[in-house]
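Asker: Right, I'll just put the structure down here and ask away after.
The values are calculated or read from the model by the stated rules, or taken from the named source; none is laboratory data. The structure presented is a predicted model; accordingly, all values stated were derived computationally and were not measured. Every residue, glycine as well, gets a Cβ built from its backbone with ideal geometry; the counts of neighbours run over all protein chains shown.
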Amino acid sequence: MFSGTGDCPRVVLAPTDTKSCYEATFLALYFAEKYQTLVVILLDFFLSNSIKNIDVPEKPDEKYLNANIAPTQEELKDYKRYKITETGISPRTIPGTPGGVFFATGLEHDENGRPNYTDAGHLAMTQKRFNKYNQVLTEAPLPEIADSGKKEYDIGVVSWGSSAGAAHEAVMTAQREGMNAASFSSMMLSPFPEKALAEFGAKCKQILIPELNFSGQFANFASQVLKRPVEKLNFISSRPMASEDILEKMREM
Amino acid sequence: MEQIRPEYLNEKIKTVKNDEFLKYRSGDLPTWCPGCGYFGIIDAWYKACRELELKHEEIVTVSGIGCSGRTPIFLNSYGFHTLHGRSIPVASGLKLAREDLTVFSVAGDGDALGIGGGHLPHVARGYAGDPKGLTHIIKEGILHKGFSFIQILTPCVTFDKENKTWKNLKENVHTLTPETHENSMDAAMRIAQDDPYGVGIIFQDKARPHYQDILKNLNKET
């Protein structure tokens, strides 16, 4: 999410189970093609090696499979490959299209794709990239929230990736045990549905973030969004997170 | 200072226009040093494309990093400025997906030779100071079915004042006789190694099925 050079926003999807791996894959292709940007599917060893029987997923809608935004005939008359548009997405030609010849480079460029390092040019292109990056959220999968419809909770468990299933189960068990708890997980990590998390967080007295790393990478990010400290549960014990582990921590809280 | 006669300029502009050079050339001025061999190379590239009547929108030039990496900026073709040393994988992927396009991968010594060339079924060597011979080689390379590798000898006028200079290249570069060594891998290897200044088509295997054909057959069988 953060590593890389300069201000280069990228889309990050972290599937939570076998079925969402499938969903993340076609979404990643869709985002990469439509938004012309880098997309990362974040898996861990446990998820990539787990075997599960699932129903054959439905074939994604046609709109996901052919997402390139091509220029109109009118636009091709004076074609600018990296045109600054309202959405930040510049219509893209496919090689072989007459009038659509362009040069693609990793160097900072102007609307015609020519190297351009001027301060105004760099600012305009960076704004354009962040503009389209933020647009991704408008059609991103929504966070999965499991609560009991109450106004306030004692513990809110926020999870991501392969520990999301265990976190959800832990919350369900806790509710049966009489604890007042709710669960929040998001496959979309970047751009992140910050508003949804802030709303969820406002209802919870305490927030617990279980995850499979030492430093609490997601917890650190989430506490910035929530603007308050969170309770961490970190595992680097070379085994996946189990719902009992989370439940144990919840009882202690 | 001697004044340039306007008639002379007009005449020159007319010739250039008639040559249809501008069709393959972008409006950008090359960033290369004065006297660089790359000017000769793109000149031969323009000529080869024009003589084969290629449509400029059906050409893709893929490059890596460096002086050679800048090449696609100055060509009016679809261009892709990729990572350092990674122009060949991008170009081969492109060609696999779109057989109808003419795909060039441009790379300098560090960019391509630094990571090795792999198996090269059609090898030729040209010289930037011999535009006519180089045009011929590029044309043959385009017409060859499959992957063609063209090594072009060109001086770096800024960083090499001693070894491969225009003067030394001019003295040493010679056309190979016979020009083509079809199907004789042994002879071709000997020339490539022992005669570093011999230019021409060193090896061409016309009988070998190219990768796309093999792939098509594979797809048929499965």
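Asker: Could you list, in sequence order, all residues of segment B:21-36 that are within 10 Å of chain A (Cβ to nearest Cβ) and in contact (Cβ under 8 Å) with a residue 24 or more places away in the chain? Steps first, answer last, please.
Answerer: Taking segment B:21-36 as the starting set, the residues that turn out to be within 10 Å of chain A (Cβ to nearest Cβ) are B:26-28, B:31.
Correct list: B:26, B:28, B:31.
Asker: Take segment A:85-103 and flag every residue that is surrounded by 18 or more Cβ atoms within 10 Å (Cβ to Cβ) and within 14 Å of another protein chain (Cβ to nearest Cβ).
Answerer: Those that are surrounded by 18 or more Cβ atoms within 10 Å (Cβ to Cβ) and within 14 Å of another protein chain (Cβ to nearest Cβ): A:92, A:93, A:95, A:100, A:101, A:102, A:103.
Asker: Do we have any residue at all in segment A:148-159 that's hydroxyl-bearing (Ser, Thr, Tyr) and surrounded by fewer than 17 Cβ atoms within 10 Å (Cβ to Cβ)? Don't jump to the end; show me each part of the working.
Answerer: Filtering segment A:148-159 for residues hydroxyl-bearing (Ser, Thr, Tyr) gives A:148, A:153, A:159.
Next, only the ones that are surrounded by fewer than 17 Cβ atoms within 10 Å (Cβ to Cβ) stay: A:148.
Yes; the residues of segment A:148-159 include at least one that is hydroxyl-bearing (Ser, Thr, Tyr) and surrounded by fewer than 17 Cβ atoms within 10 Å (Cβ to Cβ).
Asker: Could you grab me the full set of residues in segment A:32-75 that are touching a helix residue (DSSP H, G or I) at 6+ places or on another chain (Cβ under 6 Å) and hydrophobic (A, V, I, L, M, F, W, C)? Please lay out each step first, then the result.
Answerer: Step one: list which residues in segment A:32-75 are touching a helix residue (DSSP H, G or I) at 6+ places or on another chain (Cβ under 6 Å), which gives A:35, A:39, A:41, A:44, A:46-47, A:52, A:54, A:57, A:60, A:64, A:67-68.
Hits for segment A:32-75 are A:39, A:41, A:46, A:47, A:54, A:67.
Asker: Checking residue B:125 against (1) within 20 Å of residue A:97 (Cβ to Cβ); (2) at pLDDT below 85, only one condition comes out false. Which one?
Answerer: Only one criterion is unmet by residue B:125, namely (1).
Asker: On to the next question. State which residue is surrounded by the most Cβ atoms within 10 Å (Cβ to Cβ) when the search covers only segment B:37-85 and only residues that are within 14 Å of chain A (Cβ to nearest Cβ) and aromatic (Phe, Trp, Tyr).
Answerer: B:78
Asker: Of the residues that make up segment A:34-52, is at least one under 25 Å from residue B:75 (Cβ atoms), in contact (Cβ under 8 Å) with a residue 40 or more places away in the chain, not in a strand (DSSP E or B) and not β-branched (Val, Ile, Thr)? Give the steps one after another, and end with the answer.
Answerer: Taking segment A:34-52 as the starting set, the residues that turn out to be under 25 Å from residue B:75 (Cβ atoms) are A:36.
The next check asks that each one be in contact (Cβ under 8 Å) with a residue 40 or more places away in the chain; those that pass are A:36.
Of the ones still in play, those that are also not in a strand (DSSP E or B) are A:36.
Narrowing the set further to residues that are not β-branched (Val, Ile, Thr) leaves A:36.
So far as segment A:34-52 goes, yes, one or more of its residues are under 25 Å from residue B:75 (Cβ atoms), in contact (Cβ under 8 Å) with a residue 40 or more places away in the chain, not in a strand (DSSP E or B) and not β-branched (Val, Ile, Thr).
Asker: Checking residue A:19 against (1) within 14 Å of another protein chain (Cβ to nearest Cβ); (2) part of a helix (DSSP H, G or I), which single condition isn't satisfied?
Answerer: It fails just one condition, (1).
Asker: If you check A:133, A:153, A:64, A:82, which single one turns out to be within 14 Å of chain B (Cβ to nearest Cβ) and of a type in the set (Phe, Trp, Tyr)?
Answerer: Working: A:133 fails: within 14 Å of chain B (Cβ to nearest Cβ); A:153 fails: within 14 Å of chain B (Cβ to nearest Cβ); A:64 fails: within 14 Å of chain B (Cβ to nearest Cβ).
It is A:82.
Asker: Please go through segment A:109-148 and pick out each residue that is within 19 Å of the chain's Cα centre (by Cα) and polar (S, T, N, Q).
Answerer: A:131, A:134, A:135, A:138, listed by residue number.
Asker: Tell me which of these residue A:56 doesn't satisfy, since it passes every other one: (1) modelled with pLDDT of 95 or more; (2) exposed (fewer than 14 other Cβ atoms within 10 Å of the Cβ).
Answerer: Checking residue A:56 against (1) modelled with pLDDT of 95 or more; (2) exposed (fewer than 14 other Cβ atoms within 10 Å of the Cβ), the one that fails is (1).
Asker: Right, here's the next one. All but one of (1) modelled with pLDDT of 95 or more; (2) within 19 Å of residue A:6 (Cβ to Cβ); (3) within 14 Å of chain B (Cβ to nearest Cβ) hold for residue A:106; which doesn't?
Answerer: The failed condition is (1).
Asker: Yes or no: residue A:29 aliphatic (A, V, I, L, M) and either farther than 25 Å from residue A:88 by Cα or free of Cβ contacts under 8 Å to residues at least 40 places away in the same chain (or both)?
Answerer: Values: aliphatic (A, V, I, L, M): yes; either farther than 25 Å from residue A:88 by Cα or free of Cβ contacts under 8 Å to residues at least 40 places away in the same chain (or both): yes.
Yes: the conditions hold for residue A:29.
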